[in-house]
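Below you'll find the structure, written out as structure tokens, and then a few comments.
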Amino acid sequence: MSTPAPSAAPPPRFRPLRLRPREERRIRAGHPWVYSNEVDTRATPLTAFEPGEPVEVQAADGRFLGTGYVNPHSLICARIASRDRRHPFSRSLIVHRLKVALGLRERLFEGPWYRLAHAEGDRLPGLVVDRYGEVLVAQLNTAGMERAREDVLGALDKVLRPRAVVLRNDSPVRELEGLPRTVEVARGEPPAEVEVEEAGLRFRVPLLGGQKTGWFYDQRDNRLRLARYARGARVLDLFSYAGGWGIRAAACGAESVLCVDSSEAALARVAENARLNGVDGRVRTLRADAFEALAALRAERARFDLVVLDPPAFVRRRRDLKAGLEAYRRLNRMAMQVLAKDGFLVTCSCSFHLDRARFLALVHEAARHVDRNLQLLERGHQAPDHPVHPAVPETDYLKCLVLRVSLA
Ligand code: SAH
């Protein structure tokens, strides 16, 4: 008996996940998630599935909708990775998606420093991969991607042959999926730190102990906006981390830059990166809580021509909305109080629960509270290596406003 060639193997058959009548409409319109209340649990009980198991999602009448994976313990109980019957969710689909993602990045950027995979934005639900040259940092944020771990690693090997892969599986979203938070080296021996090149500047960032995956690629284009406002300016960069904004401002001709962060390790990076880019004479650091630093600077009557606010997400979960909004309001108000006459404010939010219109309204409220008038000059969002899925607002999270702030 002859065995068929592997390429002729039929696609794997996944167990079906059947939806209730009419619940397929949102999915047919392009949304990739299934919520647990949309499942016909008599036909296909969720409890019968293992977390992360691959599934075929079907309409109530049995029509094929797509393949993906399930998590019976999550409110988002399934995510669709493919709508093509011939190419179900599998290692070869992941390879294909990664190649498509890589093609976009190679068009966008000169060097190998970028977010290679932005989860749903690259039709790889639950998978985030940042590239630092030959080193990759991945996050498997769902039970489905966790279960497909070897396929993901195999696909990354095949597409990029990385020297090392770190799994930075410590994001809080893993808890919603019932997954432990860990950081581990999955392939090779990663260096302790890597160097990132961003529009002519170099930044050294730690791989294992840093923030998130190590660098915030999403702000790349927004940092370039500083060129118009930074020349000759006294600049305050709050929540500076490794100096992405502050060192850019110095390179754009700022007279002086003060980077404030609560982490000593982050500020050590700022100092190192300032030297690396030859602007260490104009960049200082201050270890402090940003709110306390603003209060102290105001008390000293310090004034800046340009303030950058790029805080961590203050609204991580919907139930933090009220407290988070108040924190954004207070922060923006305090920042305006240390701005010189007609100064510039660059203010950001990466909380997707806070939408664009509401963020602008909030900053305006903050201004009125301290009797300032605003002129909105520029509106930014995340860089294109963080593609937005038009049906998934969660993939469109970053907001950046450039404002001129005047006294009444
Ligand atoms: N602006 C940075 C990213 C900010 S990440 C960039 O573009 O790369 C968030 C940073 O805020 C971290 O470095 C963290 O140490 C710091 N941080 C968090 N809470 C803080 C607080 N209350 N005061 C000052 N820094 C804070």
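Report, by residue number, each residue of region 269-293 that is part of a helix (DSSP H, G or I), open to solvent by 20 Å² or more (accessible area, probe 1.4 Å) and near the ligand (Cβ under 10 Å from one of its atoms).
Arg269, Phe291, Glu292
For region 126-227, list the helices (runs of 4 or more DSSP H) that sit wholly inside it and hold at least 1 residues that are without any contact (Cβ under 8 Å) to a residue 60 or more places away in the chain and within 28 Å of Ala81 (Cβ to Cβ); which are they?
Output list reads 149-160, 173-176.
For the condition more than 22 Å from the chain's Cα centre (by Cα) and either open to solvent by less than 50 Å² (accessible area, probe 1.4 Å) or more than 9 Å from the ligand (Cβ to nearest atom) (or both), what is the one hit in Ala296, Ala266?
Criteria check complete, one pass: Ala296.
Of the conditions (1) in contact with a Gly (Cβ under 7 Å, 6 or more places away or on another chain); (2) near the ligand (Cβ under 9 Å from one of its atoms), Arg163 satisfies every one except a single condition; which number is it?
Unmet for Arg163, out of (1) in contact with a Gly (Cβ under 7 Å, 6 or more places away or on another chain); (2) near the ligand (Cβ under 9 Å from one of its atoms): (2).
Pairs under 7 Å by beta carbon, first residue surrounded by fewer than 24 Cβ atoms within 10 Å (Cβ to Cβ) in region 57-73, partner at pLDDT 95 or above and aromatic (Phe, Trp, Tyr), six or more apart or different chains?
Gln58/Phe64; Pro72/Phe49
Taking region 338-376 on its own, how many of its residues are out of contact with any Phe, Trp or Tyr (no Cβ under 8 Å at 6 or more places or on another chain) and open to solvent by 60 Å² or more (accessible area, probe 1.4 Å)?
Number satisfying all stated conditions: 13.
Please work out which residue is nearest to Leu339 (Cα to Cα), limiting yourself to region 231-247 and to residues that are open to solvent by less than 10 Å² (accessible area, probe 1.4 Å) and out of contact with any Leu (no Cβ under 6 Å at 6 or more places or on another chain).
Across region 231-247, the extreme among qualifying residues is Asp237.
Can you tell me how many residues in region 299-320 are farther than 30 Å from Val173 by Cα and within 15 Å of the ligand (Cβ to nearest atom)?
Residues in region 299-320 being farther than 30 Å from Val173 by Cα and within 15 Å of the ligand (Cβ to nearest atom): 2 in total.
Scan region 382-395 for residues that are open to solvent by 20 Å² or more (accessible area, probe 1.4 Å) and at pLDDT 95 or above and jot them down.
Hits for region 382-395 are Pro384, Pro387, Val388, His389, Pro390, Ala391.
Going through Ala271, Ala299 one at a time, which residue ends up being modelled with pLDDT of 95 or more and within 12 Å of Met334 (Cβ to Cβ)?
Ala299
For Arg163, which of the numbered conditions (1) open to solvent by less than 30 Å² (accessible area, probe 1.4 Å); (2) in contact with an Asp or Glu (Cβ under 6 Å, 6 or more places away or on another chain) fails to hold?
Every condition holds for Arg163 apart from (1).
The values are calculated or read from the model by the stated rules, or taken from the named source; none is laboratory data. Bear in mind that the values here come from a model prediction, so they are computed numbers and not experimental data. Ideal geometry is used to build each Cβ from the backbone, glycine not excepted, and the neighbour counts take in all protein chains shown. Ligands, DNA and RNA are stripped out before the accessible areas are found, and what is left, the full protein with its side chains, is counted by its heavy atoms. Shrake-Rupley method; radii C 1.70, N 1.55, O 1.52, S 1.80 Å.
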